[in-house]
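The values are calculated or read from the model by the stated rules, or taken from the named source; none is laboratory data. A quick note: this is a predicted structure, and the numbers were derived from the prediction, not measured. Cβ sites come from the backbone with ideal geometry, for glycine too, and all protein chains shown count toward neighbours. To get the accessible areas, we keep the full protein, side chains included, count just its heavy atoms, and leave off ligands, DNA and RNA. Shrake-Rupley method; radii C 1.70, N 1.55, O 1.52, S 1.80 Å.
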Amino acid sequence: MSEASPWRAVSPDAIAVREWDEELVVYNDCTGHTHHLAPFGGKVLLALLDNPAGLELPELIESVAATLQISEAEVLAPVVEEALEELARLDLIACDPA
Amino acid sequence: MIVGELSPGEIRNRLDGPGLRIRIGPIVTEIRSSFPAIHSAIALHYAAHRAADDGEFADFHVSVLPPSGPRRWIRPTATFRFENAPPFQPLPAEQAFPLLEWGLNWCMATQCHQYLIIHAAVLERRGRALVMPAPPGSGKSTLCAALVARGWRLLSDELALIDVASGEVVPMPRPISLKNDSIDVVGRFWTDAAMSPVVHETLKGSVVHVRPPATSVALSTTTALPGWIVLPRYRAGEAARLAALSKGSTLMQLVESAFNYSMHGRRGFNVLADFIDASACFEFSYGGDLAEAVLTFETLAGAA
């Protein structure tokens with residue numbers, strides 16, 4: 001996974017979001033699918049929706065860490081990458097070529 | 001005029017002739033049938049429903065008729081038609097009334113896209129809707145009948161119609177369908193329930209229908225606000241147990257149970273999410289003790 005490639009929500013305007021406590025359910029206009037995201041995946045998607053132009057992986061990790069109030073952001077790298085793979089599999093996000 | 005004010009002969013003549021138009025919730029359906037079992041079942045189950053005037057627009061035209069030719073006499077069958085086309089294969093003639101009811105469910109689920117339609121029983125208490133989405137075998141209709149027996153208003157035992165503009169549940173009170181073991185279970189609990197004769201060996205096993213209370217039918221235009229969403233699950237021998245269910249999980253269950261969610265797109269998502277926002281969400285397991293189950297729901301409604 002290239003750190004130079006920005007990750008972005010596939011189409012931020014097409015994604016409707018409902019958040020309840022730690023739960024996130026999203027509807028994607030582009031696919032017509034509804035997804036119940038794992039809590040961490042939800043945080044990652046929200047970070048990308050807040051930054052429609054996209055985020056490089058280190059920026060994304062920093063953003064999620066700030067949301068979760070975790071000072072050592074690098075410990076989140078493996079779980080962020082795992083969440084990115086899952087969100088990409090659901091066609092909610094994409095990685096733009098560098 | 002309500003159907004119950006028509007004589008048996010008038011009901012038969014209309015059903016066997018030009019059709020009997022009945023207002024069922026928001027829908028006027030014109031029904032035609034020559035089967036005596038349907039004549040008597042309509043007289044029993046739809047007695048409190050309004051018989052629409054002949055000139056009133058009918059949303060649906062349906063019929064359940066025998067075949068022409070020798071099949072009328074040899075292993076006779078019944079064919080359901082919607083707007084003169086049969087969406088299903090014929091069934092044995094003795095299943096004519098269940099076929100009509102299943103056909104009406106199909107009409108509502110496939111045609112009424114002004115509503116978001118969930119496969120669920122819906123009841124009302126204090127103006128709030130109790131929605132119970134569940135697959136067959138979950139005990140949904142059994143619980144529904146038990147609650148109706150103890151005074152809850154019936155909106156539907158099969159289809160929750162959510163008005164996408166208001167987010168409220170629109171009533172469509174029709175007979176409650178009971179299957180197999182639940183027939184005796186409900187019969188013991190609701191001793192004066194008006195049931196049609198048992199029809200055996202249907203695709204769903206043995207089936208009866210229970211007449212909806214006249215008080216529920218009389219309130220057919222009174223919608224209900226979101227109240228509770230409860231996913232029932234029958235587990236033989238277990239004590240009744242109500243547990244909170246997360247709103248996200250509940251939303252996914254409603255999406256799974258909806259007939260026309262995809263047709264409404266993002267609006268459907270927003271309507272369901274708003275409905276869940278305004279509801280308390282639970283899962284409920286019970287082992288067939290209907291008194292205990294009803295008490296649980298009475299407590300839930302009383303605590304609101």
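Data table
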{"read-out": "A:Asp21-B:Asp192 pseudo-label distance in nm [points 7 Å out on the Cα-to-Cβ vector]", "value": "4.4"}
{"read-out": "All-pairs Cα distance distribution in the range B:3-111, expressed in whole percent, bin size 10 Å", "value": "15, 50, 30, 5"}
{"read-out": "Solvent-accessible surface ranking, highest first, for B:Phe282, B:Phe275 at 1.4 angstrom", "value": "B:Phe282, B:Phe275"}
{"read-out": "Accessible-area order (highest first, 1.4 angstrom probe) of the listed residues A:His36, B:His45", "value": "A:His36, B:His45"}
{"read-out": "In Å, descending, principal axis extents of the Cα set of chain A", "value": "36, 34, 19"}
{"read-out": "Kirkwood-based shape ratio for the range B:65-173, expressed as Rg/Rh from alpha carbons", "value": "1.08"}
{"read-out": "Pairwise burial A:B, computed as accessible area of each alone minus the pair, summed, 1.4 Å, Å²", "value": "1200"}
{"read-out": "Label-point separation, A:Ala88 to B:Ser68 (7 Å along Cα→Cβ), nm", "value": "6.4"}
{"read-out": "Those residues of the range B:27-65 whose amide nitrogen sits under 12 Å from the label point placed on B:Met1, 7 Å along Cα→Cβ", "value": "B:51-55"}
{"read-out": "Under the Debye formula (equal points on every Cα, no solvent term), log10 I(q)/I(0) of chain B at q = 0.08, 0.09, 0.10, 0.14 Å⁻¹", "value": "-0.34, -0.43, -0.54, -1.05"}
{"read-out": "Equivalent ellipsoid dimensions for the range B:1-61 as semi-axes, Å, which come from the Cα gyration tensor, largest first", "value": "16, 12, 10"}
{"read-out": "B:Phe57/B:Ala214 FRET efficiency (R0 25 Å; Cβ-Cβ; nearest 0.05)", "value": "0.50"}
{"read-out": "Pairwise Cα inverse-distance average, inverted: Kirkwood Rh of the range B:105-231 (Å)", "value": "14.7"}
{"read-out": "Nearest-0.05 FRET efficiency for B:His113 and A:Ser5, computed from C-beta distance (R0 45 Å)", "value": "0.60"}
{"read-out": "Accessible area (Å², per residue) of the range A:17-98, counting only protein heavy atoms and a probe of 1.4 Å", "value": "52"}
{"read-out": "B:Glu201-B:Asp163 FRET efficiency (beta carbon distance; Förster radius 30 Å; 0.05 resolution)", "value": "0.20"}
{"read-out": "Inter-probe distance in nm under a simple model that places probes 7 Å from Cα toward Cβ, at A:His33 and B:Thr222", "value": "4.5"}
{"read-out": "Binned Cα-Cα distance frequencies in the protein assembly as shown - 10 Å width, integer %", "value": "5, 20, 26, 21, 14, 9, 5, 1, 0"}
{"read-out": "Rounded Å value of the spacing that divides the Cα centres of the range B:229-281 and the range A:26-98", "value": "26"}
{"read-out": "Potential extension, B:Asn270-B:Glu292 segment - 0.36 nm per residue separation minus Cα distance", "value": "4.4 nm"}
